[in-house]
Amino acid sequence: MSMSCCRTLLAVLGVALLAGCAAEAPPTSAAPATRVTRTCDARAFGAVGDGQAKDTEALQRAIQACSADDGGTVLLSHGTFVSGTLVLHSHVTLRIERGATLLGSRDDADYPLLKPPTVNTQLADCQHALIYAVGATDIRIEGGGTIDGNADIDKWRGMARPEGQRPMAIFTAMSTRVSIEGVTVRNAATWGVVNLEVANLVVRGITVDSPHGPTHDGIDVVDGHDVLIEDNTIDAGDDGICLKSGSPLGLRDVVVRRNHVRGAGVANGLKLGTATTGPMHHILFEDITIANAQAAAMAIESVDGGEVSDITFRRITLSDVGTPVFMLLGARGTAAVGAIHDIRFETIRGDHLRYPWGALLTGAPPDAAGRHDLQAVTFKDVAITWKSAGGARGPHVFGSSAGEIDRFPVYAGGYPDPKFIFATPQAKAEVVDYALPGWAFFVRDARGVGFEDCRISVEGNELRDAIATKDAQVDGTCRSGS
């Protein structure tokens, strides 16, 4: 049912519609009185919750009723409620209790086209959702229950269809004071939990289980400010936690802490990018474990002209990843080169790497506009055991000599990922077999890269140097051993 239909129904039924809402008792303490809110049990509005009947209209009626006056809580309990898109309004809490599931319909017609009134490059991929809010204030999604996108089907797995043709599980846009807590999000058809241009966002204590291949991110934040992402567990087919910018608004003042990324499929555990239109700064990642990521544990990119700065990764533990770190400054399409500076890695632990790639830290080569170096990147208290390339030589294992370093490809404007930095289709197909000129780090077009208390070791034989550089200024070194 459309939003306009719900408003019409509310006007017609008036008090009768609100009869299904039981007012919660006001506080009895001496504290100042708070507003009385109502609880709207979805079943009182006609929801069946049998896992078969579509409850979309009944659930939307409950949301509409609870949005009146000072708002309230829509309650889903003991059942499976099949639904298409639900639109949350200001001052509404959607509480899905333990033992209850909001199950997404598998009918594309149940997910209307969403058009938030903003200009953001990421909207091309964010056009359908199971739960949606736009321009709302004080909304909550909470409880111990499950939001299941029902996407374990061929048409919604992997990249079978473009992202913009598949529904996200949760999508909030242009909203203020948004809280998502305690729920389990499963089987999203594309990105799982997405917040675009949101201020004062909390994502806390949720589980995301959406491992269905590329384009199935865990938690995405696109632009906005004052964001807290903590105590979550994520198993994604693509990026685990991805921060990005698709507008000049940018993203700032973000804390990501005490999360467990137990799977990031073909991509990265923690990522800044790919979309980097606006500035992204004042961001802290701390106390995070990362495993099962084919690309990087930590990826920092600027390829759309944005400035990425004042970023800290602290107390990060990684295992079974392609590479610990990937940093890339460049330009794709018509974008100018942006900037990456003041990036800190502190107390990083890693082992059991998948590939002998090493970690690439690269700015963009100088051009008519001048130098485009990475600047002020520091590694402090880092202990990583790397995977060796053995005694291999060949077109995809680059040694540390000047000639071999010169042959290493420069970013050509494609998708910025450790696996896709090569220019030709043949090289891309073989990129898993490549190895950087340095078995630990290859630093290129950079200034002020520093290593302090850096301890590295490598499994097996290595012909490459531990750290290789080109047009870079590096301070300090890494010592071998634990």
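Taken together, the values in this text are just the output of simple stated rules run on the coordinates, not laboratory data. Just so it is clear, the model here is predicted, and its values are computed rather than measured. Every residue, glycine among them, receives a Cβ derived from its backbone with ideal geometry; neighbour counts consider all protein chains shown.
Data table
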{"item": "Inter-label distance, nm, simple model (7 Å from Cα along the C-beta direction), Asp41/Thr477", "result": "7.3"}
{"item": "Computed FRET value (nearest 0.05) for Ala392 with Arg315, which takes r as the C-beta separation and R₀ as 41 Å", "result": "0.75"}
{"item": "Net lengthening on full extension, Asp433/Thr347 (0.36 nm per residue, minus Cα-Cα)", "result": "28.1 nm"}
{"item": "Mean Cβ count within 10 Å, highest first, over the residues of peptides 377-383, 304-310", "result": "304-310, 377-383"}
{"item": "Förster radius 41 Å - calculated FRET efficiency between Arg354 and Ala53, Cβ distance, rounded to 0.05", "result": "0.35"}
{"item": "Distance in nm between pseudo-label sites at Lys115 and Glu181 (7 Å out along the Cβ direction from Cα)", "result": "3.6"}
{"item": "Sequence-distant residues sharing a close amide H with Gly49 (under 5 Å, placed H)", "result": "Val82"}
{"item": "Which of Lys470, Lys387 has the fewest Cβ neighbours within 10 Å, and the rest in rising order", "result": "Lys470, Lys387"}
{"item": "Net lengthening on full extension, Leu228/Thr385 (0.36 nm per residue, minus Cα-Cα)", "result": "53.4 nm"}
{"item": "Aspartates and glutamates whose Cα lies under 17 Å from that of Lys115, excluding same-chain neighbours fewer than 8 positions away", "result": "Asp125, Glu163, Glu197, Asp223"}
{"item": "Rounded to whole Hz, the Karplus (6.51, -1.76, 1.60) HN-Hα couplings of region 183-195, x for glycine and proline", "result": "7, 9, 10, 10, 6, 5, 6, 8, 3, x, 10, 10, 10"}
{"item": "Estimated vicinal HN-Hα couplings, Hz - region 464-470 in sequence order (Karplus 6.51, -1.76, 1.60; Gly, Pro = x)", "result": "7, 6, 5, 10, 10, 9, 8"}
{"item": "Label assignment, Rg/Rh (Cα atoms, Kirkwood Rh) derived from the structure, set [x] 1.03; [y] 0.98; [z] 1.53", "result": "[x]"}
{"item": "Relative contact order (percent, whole number), region 152-276, Cα cutoff 8 Å, 6+ residue spacing", "result": "21"}
{"item": "Arg257/Met159 FRET efficiency (R0 30 Å; Cβ-Cβ; nearest 0.05)", "result": "0.45"}
{"item": "Proximal aspartates and glutamates relative to Lys54, as straight alpha-carbon distance under 12 Å, when same-chain residues fewer than 8 apart are discounted", "result": "Asp107, Asp110"}
{"item": "Per-residue ³J(HN,Hα) for region 148-164, Karplus 6.51 cos²θ - 1.76 cosθ + 1.60, θ = phi - 60°, Hz, x for Gly and Pro", "result": "10, x, 6, 9, 7, 9, 4, 5, 10, 7, x, 10, 4, 9, x, 4, x"}
{"item": "Inter-site label distance for His282 and Asp367 at 7 Å from Cα along Cβ, in nm", "result": "3.1"}
{"item": "Additional length obtainable on full extension of the chain from Asp453 to Asp465, 0.36 nm per residue less Cα span", "result": "2.5 nm"}
